[in-house]
Amino acid sequence: MAAGFWHKAIGVFWAALGLILYPNTLDPSYGLDGLIASWVVFSLFPGASLFCVGVRKNRRFNWKQKYLNEQEPYLVQFRIELQKLEHEQELAREERERAEEAEATARLEAEKEATLAALRAETEAAARREAASRTSPPPPSSPPPPPLMPKNISCPGCGARKVLQPMQSVECDYCGTMLVYS
């Protein structure tokens, strides 16, 4: 049903009902003017008001339909453009993800190569050390230091001489000055 149909129908029904029933319920003592005035107030005005509301709703509905019909091509074009934009964004996101995956793979590959190169270098160095230890005699070790021998120390105070063992310190027998093995 079209918009406003029920308002118009009830308005017409109300006015007709008032036209049919109302005059029969009034006392004829009111006269024709009172009868017409009360019929207008209680039946015709509410019925006509409802009918006008229904007409107005119908017009608004028709205007809205006309507006939507005029705007439909623009809305369709807008939806198509929006879908294109979303598709382009999705493609860009997928491309970005692929680039990130390729970068991560390249980084892992470089780390793997660096680790392998370090292991190769370490293995080669160990092999060279092992080969060098097998073929060459051990390097000569430095001769041990000569053992410390007892020393004849003269006293700085009186000039007396005394024999001291390594790391020994004693008092001079004559003057009491401390003698240290150096």
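Odds and ends about this structure:
- Under the membrane-span-like helix rule (DSSP H runs whose alpha carbons stretch at least 15 Å along the helix axis, mean Kyte-Doolittle hydropathy -1.0 or higher), the chain yields 5-25, 45-135.
- Cα-based shape type of the stretch 75-164, given that a ≥ b ≥ c are square roots of the gyration tensor eigenvalues and the cut on a/c is 1.5: oblate
- Prolate/oblate/rounded label for the stretch 121-182 (Cα gyration tensor, a/c 1.5): prolate
- The chain - percent relative contact order, Cα under 8 Å, separation 6 or more: 14 percent
- Surface composition of the chain: carbon plus sulfur atoms hold 63% of the accessible area, using a 1.4 angstrom probe and ignoring ligands, DNA and RNA.
- Per residue, the solvent-accessible area of the chain (1.4 Å probe, heavy atoms of protein chains only, all protein chains present) comes to 83 Å².
- Cross-link reach is defined here as a Cα-Cα straight distance under 19 Å, omitting same-chain residues fewer than 8 places apart; for residue 112 the aspartates and glutamates meeting it are 100, 101, 103, 122, 124.
- Taking the Cα centre of the chain as origin and assigning +1 to Lys and Arg Cβ atoms and -1 to Asp and Glu Cβ atoms, the resulting dipole is close to 240 debye.
- This model, with +1 at the C-beta of Lys and Arg and -1 at the C-beta of Asp and Glu, gives the stretch 56-101 a dipole about its Cα centre of some 1080 debye.
- With the charge dipole of the chain set up from +1 on Lys and Arg Cβ and -1 on Asp and Glu Cβ about the Cα centre, the Cα lying farthest toward the positive end among the listed residues 119, 85, 177 is that of 177.
- Amide H contacts of residue 153 (H built 1.01 Å from N, under 5 Å, at least 5 apart or other chain): 162, 163, 164
- Amide H contacts of residue 179: 170, 171, 172, each under 5 Å away and 5 or more positions distant or on a separate chain (H built 1.01 Å from N in the peptide plane; Pro and chain starts excluded).
- Separation of alpha-carbon centers, the stretch 2-17 and the stretch 74-137, rounded to whole Å: 77 Å
- In straight-distance terms, cross-link reach from residue 151 covers every one of the lysines whose alpha-carbon lies under 19 Å from its own, apart from those fewer than eight places away in the same chain; here that gives 162.
- Label assignment, log10 I(q)/I(0) by the Debye sum over Cα atoms at q = 0.08, 0.19, 0.20 Å⁻¹ derived from the structure, set (1) -0.78, -1.20, -1.23; (2) -0.28, -1.25, -1.34; (3) -0.21, -1.38, -1.54: (1)
The values are calculated or read from the model by the stated rules, or taken from the named source; none is laboratory data. Just so it is clear, the model here is predicted, and its values are computed rather than measured. Heads up, the Cβs are rebuilt from the backbone with ideal geometry, glycines too, and the neighbour counts pull from every protein chain shown. Keep in mind that these areas ignore ligands, DNA and RNA; they rest on the heavy atoms of the full protein, side chains included. Shrake-Rupley method; radii C 1.70, N 1.55, O 1.52, S 1.80 Å.
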